[in-house]
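The values are calculated or read from the model by the stated rules, or taken from the named source; none is laboratory data. Quick caveat: nothing in here was measured; it's all calculated off a predicted structure. Virtual Cβ from ideal backbone geometry, glycine too; neighbours counted across all protein chains shown. These area figures cover heavy atoms from the full protein model, side chains too; ligands, DNA and RNA do not enter into them. Shrake-Rupley method; radii C 1.70, N 1.55, O 1.52, S 1.80 Å.
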Amino acid sequence: ISTAYMASAPGVARVLTLEGAPAIARAAGEGFASLGLGNVEQQVGNFDDTLAEALMRMPAPDLIFIDGNH
């Protein structure tokens, strides 16, 4: 839900979300699609394994919101 709110804000170009649970990622992806949020990219896998790679391949982010791996 947090990702959907951020992605729907005016002027937001792209949101990258990391999700560890494939089933949750699938449900979230369906929600993003139903809301017409084509600016959300999902990366599925353990946060410990996906965060460093995600940060290395993106330009300097404007905002980082971490609510996971707990």
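Data table
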item: Residues (of a type in the set (Val, Ile, Thr) and in contact with a strand residue (DSSP E or B) (Cβ under 8 Å, 6 or more places away or on another chain)) located in segment 15-70; result: VAL15, THR17, VAL40, VAL44, THR50
item: Meets criteria (surrounded by fewer than 11 Cβ atoms within 10 Å (Cβ to Cβ) and either out of contact with any Asp or Glu (no Cβ under 6 Å at 6 or more places or on another chain) or touching a residue at least 12 places away in the same chain (Cβ under 8 Å) (or both)) for GLY11; result: yes
item: Cross-chain or 6+ apart pairs with Cβ under 7 Å, segment 26-50 first and in contact (Cβ under 8 Å) with a residue 12 or more places away in the chain and on the phi < 0 side of the Ramachandran plot, then surrounded by 16 or more Cβ atoms within 10 Å (Cβ to Cβ) and among the aromatic types (Phe, Trp, Tyr); result: VAL40/PHE32
item: Members of segment 14-35 found to be modelled with pLDDT of 95 or more, open to solvent by 60 Å² or more (accessible area, probe 1.4 Å) and either under 20 Å from ASP62 (Cβ atoms) or part of a loop (DSSP other than H, G, I, E, B) (or both), listed by number; result: LEU35
item: Residue match in segment 54-61 (condition: surrounded by 16 or more Cβ atoms within 10 Å (Cβ to Cβ) and modelled with pLDDT of 90 or more); result: yes
item: Check on ASP67, in contact (Cβ under 8 Å) with a residue 60 or more places away in the chain, assigned to a loop (DSSP other than H, G, I, E, B) and open to solvent by 50 Å² or more (accessible area, probe 1.4 Å); result: yes
